[in-house]
Every structure is written in structure tokens, then in C-alpha cells.
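The structure appears right after this line, and notes come after that.
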Amino acid sequence: MAKFDYDKKGYNIAQVDSYIAKLCLGYENKLSEQKNRIAVLKNENRFMEEKLRESKEKDAQISKALVLAV
């Protein structure tokens, strides 16, 4: 918890404003990091879905080849 000096009408406004600005900056940085991570994970997911689709197609081709061979 932040400690602020007292002024005539309460807490020191400049200290409070500075504290809030620092919190906002930290929040914005974290939000940006999370958005970037989400983008990376979405790309990874698309790649893995494509790999899965390819594997299913190969599996179907192998099964068809085995049926025709018998």
C-alpha cells in the first residue's frame, strides 16, 4: 500500500497522481504482454489444428489403402 504525505486538503495530489500514473503504466504494460501472448497462442493453435487435420487425412488414406489391399 502506498503512503502519501498529507497536504492542506488531504493527501498530496501530486503524489497520488504519480502513483496512479505508475499503476496505469504497469497495467497497460501487462495488458500489452497478455495481448501479445494471446496472439502467439492463437497462431500456435491454428498451426496445431492444421497439423491435426493433416494427420486425420493421412490416417484416412492409410485406412483406405489397407481396406483396398485386403
With respect to the numbered conditions (1) more than 34 Å from the chain's Cα centre (by Cα); (2) open to solvent by 100 Å² or more (accessible area, probe 1.4 Å); (3) hydrophobic (A, V, I, L, M, F, W, C), which one is the sole condition not fulfilled by Met1?
-> (1)
Pairs only if they're at least six apart or on different chains, beta carbon under 9 angstrom, first in the range 1-21 and in contact (Cβ under 8 Å) with a residue 40 or more places away in the chain, second loosely packed, with under 14 Cβ neighbours inside 10 Å and of a type outside the set (Lys, Arg); list them, first residue then second.
-> none
Scanning for something among the aliphatic types (A, V, I, L, M), open to solvent by less than 90 Å² (accessible area, probe 1.4 Å) and at pLDDT below 95, does the range 53-64 turn up at least one residue?
-> no
Confirm whether Leu68 is outside any strand (DSSP E or B) and surrounded by fewer than 10 Cβ atoms within 10 Å (Cβ to Cβ).
-> yes
Please enumerate the residues belonging to the range 4-37 that are open to solvent by 90 Å² or more (accessible area, probe 1.4 Å) and modelled with pLDDT of 95 or more.
-> Lys22, Leu23, Leu25, Tyr27, Glu28, Lys30, Glu33, Gln34, Lys35, Asn36, Arg37
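The values are calculated or read from the model by the stated rules, or taken from the named source; none is laboratory data. This structure is a prediction, so every number in the text was calculated from the model and none was measured. Neighbour counts are summed over all protein chains in view; Cβ atoms, including those assigned to glycine, are modelled from backbone coordinates with ideal geometry. To get the accessible areas, we keep the full protein, side chains included, count just its heavy atoms, and leave off ligands, DNA and RNA. Shrake-Rupley method; radii C 1.70, N 1.55, O 1.52, S 1.80 Å.
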